[in-house]
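Visitor: Could you have a look at this structure, given as structure tokens, before my questions?
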Amino acid sequence: MEKFATLQPTRLYNTVRGIPTQKPPHGGPKLIGKLPTDIHLLILLHLPIPDFPSYIGTCRAAATLIGDEKIWERRWKALKVEKYGLQGVLNDLDARNKIRTGASRAAAPPTIAVDDDFGDFASGDLAAGTVDEMGDFVGASGFDVALAAAAPKAPVFLVDAGLSNTNNSKSYKGRFIRAHILLKPLTKVLNQPPHVILSSLASSLDTRSIRQQALTLCLLSSFLSPQIQPVRQWFTLHSSLRSAMDRFDANLLAAFDLSDSKSDEAGMREAADSSWLIWVSDTTTAKAVFTVDWEMGKVWAEKREIFYESKGNPLDNVNDSGQLDFDAMDEFVTIVRESILEHGSRAIRVFPPESQVLIMFAERVANEVVADYISSLLLRAREISTDTYLKAVAATFKEGWRVVDAIMLAAAANGKDPVDNSVTQTRAEDVVYQMFEQNMDEYLDEEIETVKLTLEKICKGWEKQMSKTVGTTAQKQGRFLASNNPAQVKRNVLASFTDVLLLPVTIVPRTVGAVGGAIVSGGKMVTEGTVQGIAMLNPIRWGAGAHTANDDKEGYLRGGTGDMVFEIGQESDDEDDVNDTKTHTKTTSLSSVTSSSKAISLAPSTTMTSVGSARSNDDLDQMDLLLSLDVALELIHADREALKRVETFAGYPGHYGHRVRDTIEEIFILMLSTMTEGHLSKGFGEATTRMTSYKPAEHEETTSVAPLLQFFELVHIGDTIQSMVQVYFDKELAPHIDRTDFLNAVVREKKRFENTLDDCVAGGLNAGTEVLMNQVEHIINKFTKPREYYPPDGADQDLGPTRGCTEAIKCLEVHCKLLKGSTSREVLEVFYQEVGIRLIGILQKHIKRQIISLNGGFQVIADLNAYHAFISSLKVTSIASDFSHLKMLGHVYVVEDAKDLAQIVKDVARYGGSYRPEDIYEFIQRRSDWKKIEKTVDKTMYNLSFKEDCVIS
């Protein structure tokens, strides 16, 4: 047991006055009484200064909290010494206080040092402030008194002994107590009338500088704020101080006006800076720093002549013919710019940057001068027409935007960066944006509605014109198919169309004419220049010039003039080059496209050589007029004109910025929807209906199928329209949307437009293929003689293909080549495959209708070889193999021996599985000697004879 230590008793609880106190858990918050230390600190943060002695006198632990820097940091920052540069005021007060203290010490009677039992207590300064002088702020000595009371062993200081421990100027506590001691005596004069207060403060400061007085008033206002509450009557004293400050501000305004009348910018600047300090020091009201209610700034702005002088009549922007002419507004905005530049630059030099007087002045000019001018002008434009109103809205905004440049120039008048003056580009733009917001809702609604009506009017005008041409003699129309290289024509069209899209749209008309007219040098203007350029892109407006001996190139010539519009190069053998519409060669200048000054006309009145031979004057001859590049181009032009107007507002922030972007998308969607439903779908639908009614037997022409040729022309037009829409989308709309966002309304509508066009072409091609193959069958039946494959004995044989075969292949070649370059390779392969499959069926049916001799069999082989060669040229592997098997089928008509014929019929591998023996058996039945060889063939094939094996009982 000796190795075990004695167990000592442990004291678990401390006792206060016999009451056990539970020990706080390890790691928990330190408690003072029943509250954590943080709660006590929070209370001290908001406790008025006069209540500090009472609070910290409750216990020693509370007294120790008085030294926490958080308490004094909040109160020191509430004085805003660093924010407004008030340290100089404190230094001046401290210097004057030391002078007065030195004078008091010099006047005091001399004393003799006596050694007594009180030690340091006898070192009290008789000239120092007493407790009475400190008033309610006993903390200068009272804080340490409370600390001493909490610690009985510590000496009790009754005078300013605490200052010796808190005189550290680097601590927030030391800095605040110093400011409190210096400012507290100044509060004694605040119980007097306002004019007396100013006089008393001026005498106390011993300075005539208005800026020094303003700084002192600002410091006193912060000192008597709710965040500090240095005395119990702080609110009453602060109200009295504010009255004195208002009177001082009125004096500053008078001094500012006097300096303004003398053009004394130094005096104006001193008065403005002092007034701004008085304004921002008011902590009893919730004011924004950049408020427009600052009295001095408002009074200065109201006295500017721009608000009272006549600056022109807004109605002068509309001439006698009702057209817009913005020369008058141009002069008006120039006057406004000069005023902003003149007065705004002075405001920058005179007023504090934080006061934003330049912006306030610009906003008043914009809202009271420019906005009134614009409202009167737009009201007049609305009375004329909606189109004039829309043009006027965009033009007035563009003119008003010049105010932004004037603001930025004025902001840089002092040689500093505008950002240093708190005038940013965004803040200057907001002046114009806020001024124009009152017009935005009506404008955006009208723009969408007008675009919708304009696009519908264009489509209805085309339909009306087409209805007038029904039953009349159809004119020969210019077509893509007239060229040896339609793909090159389309590349040239897109090249010039791109150039037209790059033409600027004039938003602000400065001469007599509509918005959008192109202004040229010398004061002349090409009326509707953009429309002219677009209109000339339509192939139906081009004439085909004669090919002369001196000209080795083919081209499209402008009808009646002989001028070359597009130069046509040689057709490329590479299909990728034919289908590539992005790479093109520009062979004509933009000036040649837009040189004509004739107005746009929807009537296809120009002439051009027709494709193929003559056609009848029925509805089928007008089927290629169901679609028009002219209409598509006019739709794009009308849409682009509206889009360019709305783009003027593309930088709008906030709610109207979203509305502007939605309107831009809506305008493009309306164009796509109208072009799809109002033009393409109707045109292709009518063309498909007409093709189904075509009967080859009623027409003498065999080489070409009139409705299919015209449908191919529609396919070329549709493909060109789609390419132009893509160019328009890339150039104009892509910058405003995310092209990769498949949920975007524009992207979805564009995809629907492309799908609809593909469906229309596919449906038309299906009907066109049916018509083409009916024509081929009609050609074969018409030109095949009764004994074409059963020639008389001794007749001369030409081993070439028959006329029916030749004409059928010629018809197929014409139409297959016409489609090349107007659709994708996938669509071409489907079309070729469909033609091949249907041609096999036609040929099989045709062979089964013939009687074929041995000599005629060679003619069948010649025809099948010709068909196979044509199909092979299409380069579609699937149908080429089928025709090679069909070509082998012709051999059954040249085999003389019946047994050998039977072996050929039984050889399934010979035809690649395309034909069964039963199928071949049907073909050999068309041999002229079938009755002679039937028994032998049957016996060889099936090893039976009806006479020997069939017994009837």
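Visitor: Taking segment 853-872, which residues are hydroxyl-bearing (Ser, Thr, Tyr) and in a helix (DSSP H, G or I)?
Guide: TYR867, SER872 - these are the residues of segment 853-872 that are hydroxyl-bearing (Ser, Thr, Tyr) and in a helix (DSSP H, G or I).
Visitor: Name the residue, out of PHE326, PHE332, PHE307, that is out of contact with any Leu (no Cβ under 6 Å at 6 or more places or on another chain), buried (at least 17 other Cβ atoms within 10 Å of the Cβ) and under 24 Å from ALA412 (Cα atoms).
Guide: Of PHE326, PHE332, PHE307, the one residue that is out of contact with any Leu (no Cβ under 6 Å at 6 or more places or on another chain), buried (at least 17 other Cβ atoms within 10 Å of the Cβ) and under 24 Å from ALA412 (Cα atoms) is PHE332.
Visitor: For the condition modelled with pLDDT under 85 and within 18 Å of SER225 (Cα to Cα), what is the one hit in TYR84, TYR13?
Guide: Residue meeting the stated conditions: TYR84.
Visitor: Given the residues PHE256, PHE176, which is the only one that is in contact with a helix residue (DSSP H, G or I) (Cβ under 7 Å, 6 or more places away or on another chain) and closer than 16 Å to VAL350 by Cα?
Guide: After ruling out the rest, the residue left standing is PHE256.
Visitor: Here are some residues: MET675, MET691. Which one is of a type outside the set (Ser, Thr, Tyr) and not assigned by TED's automatic domain parsing to the domain that holds LEU627?
Guide: Testing whether each residue is of a type outside the set (Ser, Thr, Tyr) and not assigned by TED's automatic domain parsing to the domain that holds LEU627 leaves just MET691.
Visitor: So PRO29 clears everything in (1) over 27 Å from LYS170 (Cβ atoms); (2) assigned to a helix (DSSP H, G or I) except one condition, right? Which one?
Guide: All conditions pass for PRO29, except number (2).
Visitor: To continue, here is another question. Scan the helices (runs of 4 or more DSSP H) fully inside segment 267-371 and keep the ones with 1 or more residues being within 35 Å of the chain's Cα centre (by Cα) and not assigned by TED's automatic domain parsing to the domain that holds LEU252.
Guide: The qualifying helices (runs of 4 or more DSSP H) are 327-350, 357-365.
Residues checked against (1) within 59 Å of the chain's Cα centre (by Cα); (2) in contact (Cβ under 8 Å) with a residue 12 or more places away in the chain; (3) over 25 Å from GLN212 (Cβ atoms); (4) in a loop (DSSP other than H, G, I, E, B):
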| residue | (1), (2), (3), (4) |
| --- | --- |
| TYR55 | no, yes, yes, no |
| ALA61 | no, yes, yes, no |
| LYS70 | yes, yes, yes, no |
| GLU73 | yes, yes, yes, no |
| GLU82 | yes, no, no, no |
| ARG96 | no, yes, no, no |
| ILE99 | no, no, no, no |
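Visitor: Considering ALA301, ALA271, which residue is modelled with pLDDT under 90, of a type in the set (Gly, Ala, Ser) and buried (at least 18 other Cβ atoms within 10 Å of the Cβ)?
Guide: Within the list ALA301, ALA271, the selection yields ALA301.
Visitor: While we're here: Return the residues of segment 169-221 that are assigned to a helix (DSSP H, G or I), among the polar types (S, T, N, Q) and either more than 18 Å from PRO50 (Cβ to Cβ) or free of Cβ contacts under 8 Å to residues at least 24 places away in the same chain (or both); say none if nothing qualifies.
Guide: SER199, SER200, SER203, SER204, GLN212, GLN213, THR216, SER221
Visitor: Okay, moving on. Can ASP387 be described as in contact with a Pro (Cβ under 9 Å, 6 or more places away or on another chain) and in a helix (DSSP H, G or I)?
Guide: Against the criterion (in contact with a Pro (Cβ under 9 Å, 6 or more places away or on another chain) and in a helix (DSSP H, G or I)), ASP387 does not qualify.
Visitor: For segment 808-818, give me the residue count where each residue is of a type in the set (D, E, K, R) and buried (at least 20 other Cβ atoms within 10 Å of the Cβ).
Guide: Number satisfying all stated conditions: 0.
Visitor: Considering only residues that are modelled with pLDDT of 90 or more and of a type in the set (Phe, Trp, Tyr), which ones fall in segment 730-754?
Guide: PHE753
Visitor: Among the residues that make up segment 402-411, is at least one of them without any contact (Cβ under 8 Å) to a residue 60 or more places away in the chain, closer than 30 Å to ASP257 by Cα, among the β-branched types (Val, Ile, Thr) and out of contact with any Cys (no Cβ under 9 Å at 6 or more places or on another chain)?
Guide: yes
Visitor: Turning to a different aspect of this structure: In segment 414-431, is there at least one residue being small (Gly, Ala, Ser), assigned to a loop (DSSP other than H, G, I, E, B) and loosely packed, with under 15 Cβ neighbours inside 10 Å?
Guide: Within segment 414-431, one or more residues are small (Gly, Ala, Ser), assigned to a loop (DSSP other than H, G, I, E, B) and loosely packed, with under 15 Cβ neighbours inside 10 Å.
Visitor: Filter segment 745-800 down to the residues that are closer than 19 Å to ALA866 by Cα and in contact with an Asp or Glu (Cβ under 7 Å, 6 or more places away or on another chain) and list them by number.
Guide: ILE779, PHE783
Visitor: Given (1) more than 50 Å from the chain's Cα centre (by Cα); (2) among the charged types (D, E, K, R); (3) part of a loop (DSSP other than H, G, I, E, B), identify the lone condition not met by LYS875.
Guide: (1)
Visitor: A follow-up question, please. Give just the number: which of (1) closer than 29 Å to PRO792 by Cβ; (2) surrounded by fewer than 21 Cβ atoms within 10 Å (Cβ to Cβ) does VAL860 not satisfy?
Guide: (2)
The values are calculated or read from the model by the stated rules, or taken from the named source; none is laboratory data. The shown structure was predicted, so the numbers you read here are calculated from the model rather than taken from an experiment. Neighbour counts run over all protein chains shown; Cβ positions are idealised from the backbone, glycine included.
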